[in-house]
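Scroll down for the structure; my scribbles are underneath it.
Since every read-out is calculated from the coordinates, none of them should be taken as a lab result. Computed from a prediction, not measured in an experiment: that's the story for all the values here. Here Cβ is always computed from backbone atoms with ideal geometry, including for glycine, and neighbour counts include all displayed protein chains.
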Amino acid sequence: MEVYRICPICGNDSNITLLYKQAFLIPLDYEGMPEEYDIVECSNCGFVYDNMLASQAVYDNFYRRNSKYENLNSSTNGGISKNDIIRGSFSNRVAEMGLGEP
């Protein structure tokens, strides 16, 4: 197995153990992101991390285009839900009722 990343904890760059391969589907227009990558354990300190060859720019582009937190039309943690509106209204009422002047 080729080592693409050194251990981010201890800097070990040669002795890692493959734990499993993580496969996921990525649309073909994400250049630089592999279809699978290795999850490894550092044999020196035991830290578990991904051993994937991708630049920070590739990661930035991938997450910018796929962030569920910035997609207001997403049903998973994106946008404002009915419960968000209820919580906001309650918080505003509490602030109006009891805090007064400092």
- When the Karplus curve 6.51 cos²θ - 1.76 cosθ + 1.60 is applied with θ = phi - 60°, which whole-Hz ³J(HN,Hα) does each residue of region 44-54 get, with x for Gly and Pro? 7, 10, x, 5, 9, 7, 8, 10, 10, 8, 8
- Query: So, by mean Cβ neighbours within 10 angstrom, what's the order for 40-48, 17-25 with the highest one leading?
  - Reply: 40-48, 17-25
